[in-house]
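The structure appears right after this line, and notes come after that.
The values are calculated or read from the model by the stated rules, or taken from the named source; none is laboratory data. The model shown is predicted, which means the values in this text are computed figures rather than measured ones. Ideal geometry is used to build each Cβ from the backbone, glycine not excepted, and the neighbour counts take in all protein chains shown.
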Amino acid sequence: MKFSIKMLTTKFVTVSLALTVAFSASAAILMPQPVQAYSKNIQTGINLITTANWYLGVRYKFGAKTNIEYEFDCSSLTKYVFGRNYMYLPRTSIEQSKMGKYVSKSNLKKGDLVFFTTSASGKKIAHVGIYSEKGYFVHTYGKGGVTYSNINSGWWKDHYVTARRIFG
């Protein structure tokens, strides 16, 4: 078999190009994608708040079941909203406060869970909501049902305990 310089050069270029494409593609697959992950986390937070907004005004009932949409208590609301977004949460606010990772109040993002106590001096978790933005969170209690409150004012400011990020 007779090889010409032109034929060898063509084969070399073809093989080199194929290897370059193969290694470039595998490198792109193996490289972490922080921008996409960050975008996904933002979208998850938006999805959680959007889902919670569907239930604004739905009545409050202590001990409400977790598989219904016509009444909620605080932790059944968070469990239900996260479940609608394919994320598991346990039933009670105390159990939910042990999920995910700690987030400082100054680093809250959409979709983070925020926890409160019923005693100004205590730290026992007794209430949970979903942080939205600009100090507001969505939750349910009392007569108004599912509503927004400001985490930095009134009763909520004095009874804030901690926050957890379940996703991201």
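Determine whether the stretch 99-106 contains at least one residue that is under 22 Å from TRP156 (Cα atoms), β-branched (Val, Ile, Thr) and in a loop (DSSP other than H, G, I, E, B).
yes
If you check every pair at least six apart or on different chains, which have Cβ atoms under 8 Å apart with a residue in the stretch 155-168 that is touching a residue at least 24 places away in the same chain (Cβ under 8 Å) first and a residue that is assigned to a helix (DSSP H, G or I) and crowded, with 17+ Cβ neighbours inside 10 Å second?
Partner pairs satisfying both residue conditions: ARG164/GLN96; ILE166/PHE82; PHE167/THR44; PHE167/GLY45; GLY168/THR44.
Pick from LYS98, LYS79, LYS105: which is surrounded by 18 or more Cβ atoms within 10 Å (Cβ to Cβ), closer than 18 Å to GLY168 by Cα, modelled with pLDDT of 95 or more and basic (Lys, Arg)?
On the way: LYS98 fails: surrounded by 18 or more Cβ atoms within 10 Å (Cβ to Cβ); LYS105 fails: surrounded by 18 or more Cβ atoms within 10 Å (Cβ to Cβ).
That would be LYS79, the only listed residue that is surrounded by 18 or more Cβ atoms within 10 Å (Cβ to Cβ), closer than 18 Å to GLY168 by Cα, modelled with pLDDT of 95 or more and basic (Lys, Arg).
Would you mention how many residues in the stretch 107-128 are in a strand (DSSP E or B) and under 18 Å from THR44 (Cα atoms)?
Of the stretch 107-128, the ones in a strand (DSSP E or B) are 113-116, 127-128.
In the following step, the residues that additionally are under 18 Å from THR44 (Cα atoms) were identified as 113-114.
Adding up the residues that qualify gives 2.
Take the conditions in a strand (DSSP E or B), crowded, with 17+ Cβ neighbours inside 10 Å, touching a residue at least 12 places away in the same chain (Cβ under 8 Å) and out of contact with any helix residue (DSSP H, G or I) (no Cβ under 9 Å at 6 or more places or on another chain) and apply them to THR147. Does it pass?
Numbers: in a strand (DSSP E or B): yes; crowded, with 17+ Cβ neighbours inside 10 Å: yes; touching a residue at least 12 places away in the same chain (Cβ under 8 Å): yes; out of contact with any helix residue (DSSP H, G or I) (no Cβ under 9 Å at 6 or more places or on another chain): yes.
Yes; evaluated as a whole, the condition is true for this residue.
For VAL114, work out the one condition from (1) over 21 Å from GLU71 (Cβ atoms); (2) of a type in the set (Val, Ile, Thr); (3) surrounded by fewer than 19 Cβ atoms within 10 Å (Cβ to Cβ) it doesn't fulfil.
Of everything listed in (1) over 21 Å from GLU71 (Cβ atoms); (2) of a type in the set (Val, Ile, Thr); (3) surrounded by fewer than 19 Cβ atoms within 10 Å (Cβ to Cβ), VAL114 misses just condition (3).
Can you pull out the residues in the stretch 99-119 that are more than 21 Å from THR147 (Cα to Cα) and without any contact (Cβ under 8 Å) to a residue 60 or more places away in the chain?
Within the stretch 99-119, SER104, SER106, ASN107, SER119 qualify.
Tell me, yes or no, whether the stretch 42-65 has at least one residue that is in contact with a Lys or Arg (Cβ under 7 Å, 6 or more places away or on another chain), surrounded by fewer than 21 Cβ atoms within 10 Å (Cβ to Cβ) and modelled with pLDDT under 95.
No: zero hits.
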